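Asker: Just passing along the structure, written as structure tokens.
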Amino acid sequence: MKDMFSLEGKVAWVTGAAYGIGYAIAKAYAQAGAKIVFNCSRQETLDRGFEAYRADGIEAFGKVCDVTDEDEVKSFYAEVCEKVGPVDILVNNAGMIKRIPMTEMEAADFRRVIDVDLTGPFIVSKAVIPSMIERGGGKIINICSMMSELGRETVSAYAAAKGGLKMLTKNIASEYGEYNIQCNGIGPGYIATEQTAPLRERQSDGSRHPFDSFIIAKTPAARWGDADDLAGPAVFLASSASDFVNGHILYVDGGILAYIGKQP
Ligand code: NAP
Ligand code: GCO
């Protein structure tokens, strides 16, 4: 049973894995035996990532590479193939959010979110799929969201992108399943990372942010998720334990999507 979840000898590329969810997934993969590859769009984030990997005793290969730039992604992947080896596991984790009411949002901001959160996973997946086919298979895991299913105020671009990413996941599974490629999504609930820090900021009187209380009431587990809550599901979807799971979105949300919400 242990072998079924082992990633020994595998190469795993987790985009944007310097901290937060990406880092927690990459750390779990390293603990399961995989070699880690990561990228970020800025040098300071990359340096921060290397520091974290060093502190945890993990050897990782990383470079600055913007997932929206197809040429950069192609040359990064060529270097990965040469220096580490072709990728067996790809996690499309890099993402961004802009919280702006839709009628006040510039089209350029909308486009940028779609570019990073949806076109990025397309570009990176497109870069690795041919080598996966050549090697007889691979695993692609797209980091989706509650917003792959639900809407809310201010996140129109993010919801459109993450809804699109859910369908890109199903399409990759449909188009490349016959090559032994499994493409699945993880839909994290509300996870305490820097991306969600503004939603958890304490009020000036020390009380909880109203959104923070709202999320706790909306989550049957009655807490925010921790990035490490994603580790087990991510290892499952990267390992041979999930070889016949394809085109699925695994929501790791403490029960949010099952729940109508607490009665006021
Ligand atoms: P985050 O704070 O959103 O970190 C995102 C990472 O992506 C950073 O390392 C960032 O580094 C990198 N990144 C952003 N744009 C990039 C680009 N164009 N090219 C390459 N790298 C880029 O962290 P997070 O909260 O851990 O989120 C990770 C993923 O999970 C995202 O896709 C997010 O949407 C999703 N998610 C988060 C939650 C949550 O509650 N936190 C819930 C559901 C889904 P640079 O700034 O250097 O580029
Ligand atoms: C927001 C949040 C969310 C989460 C996450 C939920 O403003 O509503 O940032 O979108 O980050 O994606 O799954």
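The values are calculated or read from the model by the stated rules, or taken from the named source; none is laboratory data. Note that the structure is a prediction, hence the values are computed from the model and not measured. We place every Cβ from the backbone using ideal geometry, glycine too, and count neighbours over all the protein chains shown. Only protein heavy atoms, including side chains, enter the accessible area calculation; ligands, DNA and RNA are left aside. Shrake-Rupley method; radii C 1.70, N 1.55, O 1.52, S 1.80 Å.
Asker: How high is the relative contact order of segment 1-117, in percent, counting Cα pairs under 8 Å that sit 6 or more residues apart? Before the final figure, lay out each step's value.
Answerer: Values: 175 pairs, mean separation 32.7, N = 117.
It rounds to 28 percent for segment 1-117.
Asker: Can you give the FRET efficiency for residue 201 and residue 134, using 1/(1 + (r/R0)^6), R0 = 41 Å, r = Cβ-Cβ distance, to the nearest 0.05?
Answerer: 0.30
Asker: Turning to a different aspect of this structure: So between residue 75 and residue 175, what do we pick up on full extension, going 0.36 nm a residue minus the alpha carbon distance?
Answerer: Result: 33.5 nm gained on full extension.
Asker: Next question. Given the protein chains as shown and a 1.4 Å probe, how many square angstrom of residue 40 are accessible, to the nearest 10?
Answerer: 10
Asker: How would you order 226-237, 208-219 from highest to lowest mean count of nearby Cβ atoms within 10 Å?
Answerer: Put in order of decreasing packing, that is 226-237, 208-219.
Asker: Residue 18's amide H: which non-local residues (gap 5+, or another chain) put their own amide H closer than 5 Å, with H modeled 1.01 Å from N in plane and none for Pro or chain starts?
Answerer: Those qualifying (amide H under 5 Å, at least 5 residues apart or on another chain) are 23.
Asker: Follow-up. Give me the accessible area per residue for the chain, probe 1.4 Å, as a whole number in Å².
Answerer: Normalised by residue count, the accessible surface of the chain is 48 Å².
Asker: Can you send over the carbon and sulfur percentage of the accessible area for the chain, probe radius 1.4 Å, protein chains only?
Answerer: Taking all protein chains in place, the chain shows 52 percent carbon and sulfur surface.
Asker: Which number comes out as Rg/Rh for segment 23-121 once both Rg and the Kirkwood Rh are worked out on C-alpha atoms? Spell out each step's value before the answer.
Answerer: Values: Rg = 15.3 Å, Rh = 14.9 Å.
Ratio of gyration radius to Kirkwood radius: 1.03.
Asker: I need the phi-derived Karplus couplings for segment 209-221: 6.51 cos²θ - 1.76 cosθ + 1.60, θ = phi - 60°, integer Hz, Gly and Pro marked x.
Answerer: 4, x, 5, 4, 5, 4, 5, 5, 5, 8, 10, x, 6
Asker: While we're looking at this one, here's another question. Give me the percent of DSSP beta bridges within the chain that run antiparallel, rounded to the nearest 5. List each step's numbers first, then the result.
Answerer: Working: 0 of 28 bridges.
Bridges in the chain that DSSP calls antiparallel: roughly 0 percent.
Asker: Please compute the net charge surrounding residue 47, taking Lys and Arg as +1 and Asp and Glu as -1 over other residues with Cβ under 15 Å from its Cβ.
Answerer: Values: positive: 42, 48, 54, 63; negative: 44, 51.
My count for the surroundings of residue 47 gives +2.
Asker: Sort 149-156, 32-39 for me by packing, meaning the mean count of neighbouring Cβ atoms within 10 Å per residue, highest on top.
Answerer: 32-39, 149-156
Asker: Let me check I've understood the local charge: for residue 106, count other residues with C-beta under 15 angstrom from its C-beta, Lys and Arg +1, Asp and Glu -1. What total comes out?
Answerer: In short, +1.
Asker: From the gyration tensor of the Cα coordinates in segment 75-225, what semi-axes in whole Å does the equivalent ellipsoid have, largest first, with each one equal to sqrt(5λ)? Display every interim value, and only then the final one.
Answerer: On the way: eigenvalues 222, 57, 44 Å².
Computed over segment 75-225, the values are 33, 17, 15 Å.
Asker: Given the options 254, 236, 181, identify the residue whose Cα lies farthest towards the positive end of the charge dipole of segment 173-264 (+1 on Cβ of Lys, Arg; -1 on Cβ of Asp, Glu).
Answerer: Checked the options; the winner is 254.
Asker: Then there's this: Calculate for the chain the 222 nm mean residue ellipticity that helices alone would give, adding -39,500 (n - 2.57) per DSSP H run of length 4 or more and normalising by residue count, nearest 500 deg cm²/dmol. Write down the numbers at each step before the final one.
Answerer: On the way: 8 runs with 101 residues, N = 264.
It comes out at -12000 deg cm²/dmol, rounded to the nearest 500.
Asker: Can you tell me how much longer the chain between residue 8 and residue 258 gets when fully stretched, taken as 0.36 nm per residue apart minus their C-alpha distance, in nm with one decimal?
Answerer: Gain in length upon complete extension: 86.5 nm.
Asker: Ok, one more. Which of 47, 66, 115 moves the most in a Gaussian network model of the chain with Cα springs under 10 Å?
Answerer: Of 47, 66, 115, the most mobile in the Gaussian network model is 47.
Asker: If you wrap a convex hull around the Cα atoms of the chain, how much volume per residue is inside, in Å³?
Answerer: Output value, Cα hull per residue: 143 Å³.
Asker: Something else about it: Peptides 106-112, 160-166: what's the order by average Cβ count within 10 Å, highest mean first?
Answerer: Ranking the peptides 106-112, 160-166 by packing returns 160-166, 106-112.
Asker: Report the label-to-label distance for residue 211 and residue 105 in nanometres (one decimal), using points 7 Å from each Cα along the Cα→Cβ vector.
Answerer: Going by the 7 Å Cα→Cβ label model, 1.4 nm.
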